[in-house]
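Enquirer: Sharing a structure, written as structure tokens. Questions coming.
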Amino acid sequence: MKRKSIGAIVGAITALGIGAVPAMAEYPVSTVRLITHSSPGGGTDVFLRKIATTLGPIMDVNFVVENVTGGGGAKAMAEVAAAPKDGSVFYGSTPSYIITSLLSKPEVGYDQLDPIVNMFYDPQTVFVKSDSPYQNLQDIIEDAQASPGAVVAAVSTPSSLDRQVMEEFQAITDTQLVTLTHDGGGDVLMSVLNGTAAVGIGEIAEMRGQLDADAMRVIATYTEERVPGFDDVPTAQEQGVDLVVAKFRGIVGPKDLPPEVITAWEEGVQEMMADPEFKEWYEQEGVQYGYLGHDDANAAREEFVASQTEFFEKFDIN
């Protein structure tokens, strides 16, 4: 239900003597900046721009998406942490902002931001050009084992979950690939398309146009089950690579935001997630529902931090 229709519904119900239904409280600011560390066309950029068009009418807010690249998310985090605590600035969060904080130890890290809501879990995929000789993961493994360092894999930022996936993939398969990092998913696509990289790691949403144009193929997903809409694509586990990755997508903001701002986001996002058109969009992109409110999102972040710390110790990454 769009917010602009609530007043009319409340009036009608009251006239019938049924009683009033509380409407969503007025948001404290009219314009909200949604900041992402990814370049235009990257997964988070696409995700935030869709949210802006759908959530704006619900919360009666004008959302503006800004790309603040650099430092694996460090610049974006610093800008959000220093923002006014009035609900006017937020950050599109992925595991990258935590990984950057743990590895690079920037002046402003994840612990200086507050998770507001989580929305999705975005399946990580392995993709190639449509005319690539690689049909599955075993083709890549055999090539990499035969020619160590010859296969180039494109990922987003150095601190991205994509990069971590490649580290684990090489450890599990006893291979050595060249991992090429970028500012975002859009740049990853270009490297695969122009032949700089033979294989890429990324999300379905950011490559949708290339998939529809038959310019790319997805050959594996790092999910427990096959992704709806891509039922012919086997998981990595089905292909003998025991690796499952869950990439969360959500919204974080400055610490100590007013409770009413957090509540407005929780209520607005839940209404957005239930919107039929929005649900159709995210299901078509292979994105999995993953709503968590403020408290649960904070708890989930701490669990992720613990798992990442364990991963870094296991692979001696520091």
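Enquirer: If you take every DSSP beta bridge whose two residues both sit in the chain, what share of them, in percent to the nearest 5, is antiparallel?
Expert: Bridges in the chain that DSSP calls antiparallel: roughly 60 percent.
Enquirer: With N set to the residue count of the chain, report its C-alpha Rg divided by 2.2 N^0.38 Å to two decimal places.
Expert: 1.06
Enquirer: While we're on this one: Can you give the calculated 222 nm mean residue ellipticity of the chain, where each DSSP H run of n ≥ 4 adds -39,500 (n - 2.57) and the sum is split over every residue, rounded to the nearest 500 deg cm²/dmol?
Expert: -12500 deg cm²/dmol
Enquirer: Moving to a separate point now. Between Val305 and Ala274, 0.36 nm times their residue separation minus their Cα-Cα distance comes to what?
Expert: Gain on extension, Val305 to Ala274, equals 8.2 nm.
Enquirer: Still on this structure, please answer the following. Can you tell me the convex hull volume per residue for the stretch 88-180, based on C-alpha atoms, in Å³ to the nearest whole number?
Expert: Per residue, the Cα convex hull of the stretch 88-180 comes to 138 Å³.
Enquirer: State in Å² the accessible area per residue of the stretch 214-318; use a 1.4 Å probe, count heavy atoms of protein chains only, and round to the nearest integer.
Expert: Accessible area per residue: 51 Å².
Enquirer: If you take every DSSP beta bridge fully contained in the stretch 124-221, what fraction is antiparallel? Give it as a percent rounded to 5.
Expert: Here the antiparallel bridges make up roughly 60 percent for the stretch 124-221.
Enquirer: List every residue whose amide H lies under 5 Å from the amide H of Ser93, counting only residues 5 or more places away in sequence or on a different chain, with H placed 1.01 Å from N in the peptide plane.
Expert: Under 5 Å from the amide H of Ser93 lie the amide H atoms of Gly250, Ile251, Val252, each far enough along the sequence or on another chain.
Enquirer: Which pairs, out of Lys255/Lys314; Lys105/Lys255; Lys105/Lys314; Lys50/Lys279, put more than 21 Å between their alpha-carbon atoms?
Expert: Table pairs above 21 Å Cα-Cα are Lys255/Lys314.
Enquirer: A further question follows. How far, in nm, would the chain grow between Asp295 and Asp232 when pulled straight, counting 0.36 nm per residue and subtracting the alpha carbon separation?
Expert: 18.9 nm
Enquirer: In whole Å, what are the Cα extents of the stretch 124-221 along the three principal axes, biggest one first?
Expert: Dimensions of the stretch 124-221 along the principal axes of its Cα atoms: 33, 29, 22 Å.
Enquirer: State the three equivalent ellipsoid semi-axes of the stretch 32-131, derived from the C-alpha gyration tensor as the square roots of 5 times its eigenvalues, in descending order and whole Å.
Expert: The three semi-axes for the stretch 32-131 are 22, 20, 12 Å.
Enquirer: Under the Kirkwood approximation applied to all pairs of distinct alpha-carbon atoms, what is the hydrodynamic radius of the stretch 188-298 in Å?
Expert: 16.6
Enquirer: So, in nm, how far is label Thr196 from label Glu313 when the simple model puts each one 7 Å beyond its Cα toward the Cβ?
Expert: About 3.7 nm, to one decimal.
Enquirer: Another question, if that's okay. Jot down the per residue volume, in cubic angstrom and as a whole number, of the convex hull over the alpha-carbon atoms of the stretch 243-289.
Expert: Expressed per residue, the convex hull around the Cα atoms of the stretch 243-289 is 91 Å³.
Enquirer: Can you list the HN-Hα couplings for the stretch 138-152, worked out from phi with the Karplus curve (6.51, -1.76, 1.60; θ = phi - 60°), rounded to whole Hz and with x for Gly and Pro?
Expert: 5, 4, 5, 4, 4, 5, 5, 6, 6, 9, x, x, 8, 8, 9
Enquirer: How many nm separate the modelled label positions at Val29 and Arg49, each set 7 Å beyond the Cα in the direction of the Cβ?
Expert: It works out to 2.3 nm between the two label points.
Enquirer: Also, I was wondering about something else. How big is the accessible area of Leu103 in square angstrom, nearest 10, if you roll a 1.4 angstrom probe over the protein chains?
Expert: Spelled out: Leu103, probe radius 1.4 Å, area about 60 Å².
Enquirer: Restrict the search to the stretch 33-132; then list the GluC sites (Glu not before Pro) that DSSP places in a loop and that have at most 16 other Cβ atoms within 10 Å of their Cβ.
Expert: Glu107
The values are calculated or read from the model by the stated rules, or taken from the named source; none is laboratory data. Model, not experiment: these values are computed from the prediction. In this analysis, Cβ positions are derived from the backbone assuming ideal geometry, glycine residues included, and neighbour counts consider all displayed protein chains. Accessible surface is based on the protein model in full, side chains and every heavy atom, while ligands, DNA and RNA are left aside. Shrake-Rupley method; radii C 1.70, N 1.55, O 1.52, S 1.80 Å.
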